[in-house]
1. Could you say which residue among 133, 127, 114, 142 is closer than 30 Å to residue 324 by Cα, crowded, with 17+ Cβ neighbours inside 10 Å, in contact with a strand residue (DSSP E or B) (Cβ under 8 Å, 6 or more places away or on another chain) and in contact (Cβ under 8 Å) with a residue 40 or more places away in the chain?
2. So which of 171, 179, 270 ends up being within 30 Å of residue 56 (Cα to Cα) and touching a helix residue (DSSP H, G or I) at 6+ places or on another chain (Cβ under 7 Å)?
3. Of everything in region 215-255 that's over 23 Å from residue 289 (Cα atoms) and within 18 Å of the chain's Cα centre (by Cα), which residue is surrounded by the most Cβ atoms within 10 Å (Cβ to Cβ)?
4. Among (1) in contact with a helix residue (DSSP H, G or I) (Cβ under 6 Å, 6 or more places away or on another chain); (2) more than 25 Å from residue 198 (Cβ to Cβ); (3) in a helix (DSSP H, G or I), which single condition is residue 65 missing?
5. Scanning region 174-190 for residues that are surrounded by fewer than 24 Cβ atoms within 10 Å (Cβ to Cβ) and touching a residue at least 12 places away in the same chain (Cβ under 8 Å), which turns out nearest to the chain's Cα centre (by Cα)?
6. Consider only pairs whose beta carbons are under 6 Å apart and that are at least six residues apart or on different chains; among these, list those whose first residue lies in region 200-211 and is modelled with pLDDT of 90 or more and whose second residue is in a loop (DSSP other than H, G, I, E, B) and surrounded by 13 or more Cβ atoms within 10 Å (Cβ to Cβ).
7. Go through (1) over 17 Å from residue 36 (Cβ atoms); (2) in contact (Cβ under 8 Å) with a residue 60 or more places away in the chain one by one and return the number of the condition residue 306 breaks.
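The values are calculated or read from the model by the stated rules, or taken from the named source; none is laboratory data. Please read all numbers here as calculations on a predicted model, not as lab measurements. Every residue, glycine as well, gets a Cβ built from its backbone with ideal geometry; the counts of neighbours run over all protein chains shown.
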């Protein structure tokens, strides 16, 4: 448990066992993954502003260390689920830029066959269960993943991400209650970017020290993490994840982070409820990619030439994903009823019982 804030002096977590085990290549890989996410998001923003995408677009720019840091700790039985700001988690878990970009374009080659869009990326084969547009709606689903692990007696962890705007949803609190009662292996990760949709945390949530401290009401462990420090993200997340795997105990970790753009690209007031000076302050002093790059340069792990090479490769990959998406075909009218019910798609016994709404 900790009440340290993101602006207070921090310990050096590079010496924690989970970070000492990182090789030079591992550290560069983490830098590459964060860079890839940012370049993908920037490319997505550019094309969205050109009007070639429909629906919403919730960018992950500024929060890259949360997804990359936690995903880097995954084990073979771990599962991940998040809300609508899901691009970073998807790429960190190994989904390709092509399938992710094509989904934004609504193309059949997208990860959800063009029917989900920005908020509904899925890759069950990679342990990724979405991408959910209902605020807090993923929290009981994450609980179900944890229940499944315990029921099957598998040593694993369910990672359920949510924003600071979701912590007041009833479903979240009901999930915390059951997680503690049933001793389920889940870690709730609050990605606290401070503003929910557009209202500051202090004006939207009642709390004493931090949002994660509410865990005490459910007799759960909790911690507060500086999201600009990748070493700290890994060190503290590893403790919670191991608690889930080894003890089948739930936790809440709150990671202080920041989004550079609005709640979504459609957020016209993004620079009204916070000042441009505040945004620039975070870019200058708390940017997770810049700080990690400098850390690796100081350690002699990374060179400026290698950094530029990684950045250029990420830009090229993002540009190629746009070309892939633009050349892909949209879903067909004939496929409109596919992928609605798994039972119907696979003609199971259950599909023959009762009636599905689209057959009326």
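1. Step by step, each of 133, 127, 114, 142 is checked, and only 127 is closer than 30 Å to residue 324 by Cα, crowded, with 17+ Cβ neighbours inside 10 Å, in contact with a strand residue (DSSP E or B) (Cβ under 8 Å, 6 or more places away or on another chain) and in contact (Cβ under 8 Å) with a residue 40 or more places away in the chain.
2. Details: 179 fails: within 30 Å of residue 56 (Cα to Cα); 270 fails: touching a helix residue (DSSP H, G or I) at 6+ places or on another chain (Cβ under 7 Å).
Result: 171 is the single residue among 171, 179, 270 that is within 30 Å of residue 56 (Cα to Cα) and touching a helix residue (DSSP H, G or I) at 6+ places or on another chain (Cβ under 7 Å).
3. 252
4. Single failed check for residue 65: (2).
5. Our first condition is that a residue be surrounded by fewer than 24 Cβ atoms within 10 Å (Cβ to Cβ); within region 174-190, this holds for 174, 176-178, 180-183.
Now restrict to residues that are touching a residue at least 12 places away in the same chain (Cβ under 8 Å): 174, 176-178, 180, 182-183.
Working: 174: 22, 176: 19, 177: 23, 178: 23, 180: 23, 182: 25, 183: 24 Å.
Top of the filtered list is 176.
6. Going by the 6 Å Cβ cut-off, the qualifying pairs are 211/167.
7. (1)
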